[in-house]
Amino acid sequence: MAALTIYVVLRNDSAPTWELDLLLFNSIAILAALSLLRSPIPDDQQGRIGLSLAILSWSLGSIASSIETFFVLDFAGLSLETFAQCAYVAFYPLALYGLTRAIRFKVASKSLEILDTLIIALGCTTILAAFLIRPAMTSISGSSFQVFLAIFYPVGDVVLLVSVLTLCALHRVSLRNLLLVLGIASYTGSDLYFLYSSQAGNYEFGSLTDIGWLIGFILVSESFWHASDETSSPRSFNPTVATLALLGSSAILAIAVFQPQYFPRFILVPAFATIAISFMRMGVAINDARNMSNEQILARTDELTGLANRRRFMVEFEEFLKKPGSVLIMDLDGFKPVNDNYGHDVGDQLLAQVGHRLSRLIPGESLLARLGGDEFGALIVGPDGFEIARALRATLSYPFTINGLDLKLDVSIGEAKNTPGENLADQLMRRADEAMYLAKRTKSGVVTWSPELGTRPARL
């Protein structure tokens, strides 16, 4: 701000000079970008970098325009003005990207949101400019590129201002967001005034109205030195606008195919870029969905045996209570000595083989789970719980071969019948546990819980 004050004081009522209007003026914008990067407030780094690059890109354009104003240079036919205009154009997608990330601050933003923001920033501005360029070409003189710029800048200003106002309106009021709105309003107001004055032939290089751009950059930079007051849970990103941007870019390319002369060729470049980024988004979305599916599977699957884990067992247990059937609780007999004598690696392989054998006897509509350690559980739908329990014990009667070792196991199984509407979840599990412990104590193999006797043993 001190540098801006010095510039205003020195610039007042004096003719443009390269020291003031090339060096000092543009130094203020560059300092604003560097100050933004140096902010100690924890923030979205992507948004901060995007805004800094936007201001630096604008500064490069301003430097190129100033050099061409004060000096006559020949760069082998290369026009500094063309470079300046390209740098000014690059400001808008970078600024929109950075501002979207900054206002929608998250501790960790998803890659899909990054791509959606790029699609919106690049696509929407290009679409508006593309469909306004035809009527403008009949009323604005100059090359097609000059016509494009005459449309792009005011459209970009409006899109930028409306986007920031909309994003800030969705969040609670904070000093940070207020400074961002004021900064963008100052920039867009100054830019629109410049465009109007230039069109009317009234603009003078180095006029004090140019400080509106600098004030905008300073306010944006200052906003990053204030923490966001957004404490509510992050809002999910709605990709609808990104989808519309993609459809619009596709429409531009379709028109260009059937009417090649309708749009200037340079309009097709950002349209292609929007579609390319959309394909990238599709790939990221598919990969995220695959990872999420794998995470969900792992969260409900026992890693060692591949069976359902306790979490999934308890989730499906609630639904199972509505159906007639049996709960089986199984505890292996003789597993601990194997684990102690041959090590955990052999023990893990043994549990995996046990899970494989048991799973072959479970009906399709029923569920087998490893509940933890050497304990398994099953939800058997229908009246055949006791018979299935006997078959499960029988399948463990022949030895397991692991690393050349023949290992023998037995299993104690407790069964509790489920009658829909009569049994509570904790009550049914307790009954199955009691029956299993009685089977283990009495070496009965399979025991069905009985209300008359507490439990009723059944030897195989």
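The values are calculated or read from the model by the stated rules, or taken from the named source; none is laboratory data. All figures in this text were calculated on a predicted structure; none of them were measured in a lab. Here Cβ is always computed from backbone atoms with ideal geometry, including for glycine, and neighbour counts include all displayed protein chains.
The rows are residues; the columns are (1) free of Cβ contacts under 8 Å to residues at least 60 places away in the same chain; (2) in contact with a helix residue (DSSP H, G or I) (Cβ under 8 Å, 6 or more places away or on another chain).
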{"position": "Leu409", "(1), (2)": "no, yes"}
{"position": "Glu415", "(1), (2)": "no, yes"}
{"position": "Pro420", "(1), (2)": "no, no"}
{"position": "Asp426", "(1), (2)": "yes, no"}
{"position": "Gly445", "(1), (2)": "yes, yes"}
Check: What number of residues in the stretch 62-113 are at pLDDT below 85, surrounded by 20 or more Cβ atoms within 10 Å (Cβ to Cβ) and among the hydroxyl-bearing types (Ser, Thr, Tyr)?
Finding: 2
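For the stretch 322-341, which positions are in contact with a strand residue (DSSP E or B) (Cβ under 7 Å, 6 or more places away or on another chain) and either in a strand (DSSP E or B) or surrounded by fewer than 19 Cβ atoms within 10 Å (Cβ to Cβ) (or both)?
Answer for the stretch 322-341, where residues must be in contact with a strand residue (DSSP E or B) (Cβ under 7 Å, 6 or more places away or on another chain) and either in a strand (DSSP E or B) or surrounded by fewer than 19 Cβ atoms within 10 Å (Cβ to Cβ) (or both): Lys323, Pro324, Gly325, Ser326, Val327, Leu328, Ile329, Met330, Asp331, Leu332, Asp333, Gly334.
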Note to self: If I filter the stretch 302-316 down to residues being buried (at least 16 other Cβ atoms within 10 Å of the Cβ) and closer than 15 Å to Leu350 by Cβ, which single residue comes out as farthest from the chain's Cα centre (by Cα)?
What the structure shows: Thr305
Check: When residues of the stretch 169-193 are filtered for being modelled with pLDDT under 75, buried (at least 16 other Cβ atoms within 10 Å of the Cβ) and of a type in the set (A, V, I, L, M, F, W, C), how many remain?
Finding: 0
Next item on the list: Using the structure shown, decide if Ala299 is more than 27 Å from Cys124 (Cα to Cα) and either crowded, with 17+ Cβ neighbours inside 10 Å or modelled with pLDDT under 75 (or both).
Entry: yes
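Looking only at the stretch 1-19, count every residue that is outside any helix (DSSP H, G or I) and modelled with pLDDT under 75 and tell me the total.
Summing the residues that are outside any helix (DSSP H, G or I) and modelled with pLDDT under 75 in the stretch 1-19 gives 4.
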Check: Restricting attention to the stretch 217-225, does a residue exist that is assigned by TED's automatic domain parsing to the domain that holds Ser52 and surrounded by fewer than 17 Cβ atoms within 10 Å (Cβ to Cβ)?
Finding: yes
Margin query: So if I check each of Gly414, Gly385, which one is touching a Ser or Thr at 6+ places or on another chain (Cβ under 7 Å), within 14 Å of Ile329 (Cα to Cα) and not charged (D, E, K, R)?
Written below: Gly385
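Can you pull out the residues in the stretch 168-225 that are assigned to a helix (DSSP H, G or I) and among the β-branched types (Val, Ile, Thr)?
Answer for the stretch 168-225, where residues must be assigned to a helix (DSSP H, G or I) and among the β-branched types (Val, Ile, Thr): Val181, Ile184, Thr188, Thr209, Ile211, Ile215, Ile218, Val220.
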